[in-house]
């Protein structure tokens, strides 16, 4: 195997090297990165579902309290009518 003289070895521009040094590079195999991506997507989907369910529970609570307040208002009107 013939080695290239030092002057003919291609070099990267300094700004590209600095960018590569500042950009965090993931460690591990590509297969592992795929599993990490899938795990991240599952976590994000679980967070979206939890946010949706939280909204549904809040809406249900609002409706329940509205029904209770209407019932209490009707009861108060009946009680005041009897006095």
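Any idea how far apart residue 38 and residue 77 come out in nm if each label point goes 7 Å out from Cα toward Cβ?
6.0 nm
Round to the nearest 0.05 the FRET efficiency obtained for residue 50 and residue 70 when R0 = 41 Å and r is the Cβ-Cβ distance.
The computed FRET efficiency comes out at 0.85.
Just to be sure I understand the curve: with the Debye formula and one point per C-alpha of the range 25-82, what is log10 I(q)/I(0) at q = 0.14, 0.16, 0.23 Å⁻¹?
Cα-only, vacuum Debye calculation for the range 25-82: -0.63, -0.69, -0.88.
No value in this document is a laboratory result; all are computed from the given coordinates. All values derive from a computational prediction rather than experimental measurement. No Cβ is skipped: glycine too gets one built from the backbone with ideal geometry, and neighbour counts run over all protein chains shown.
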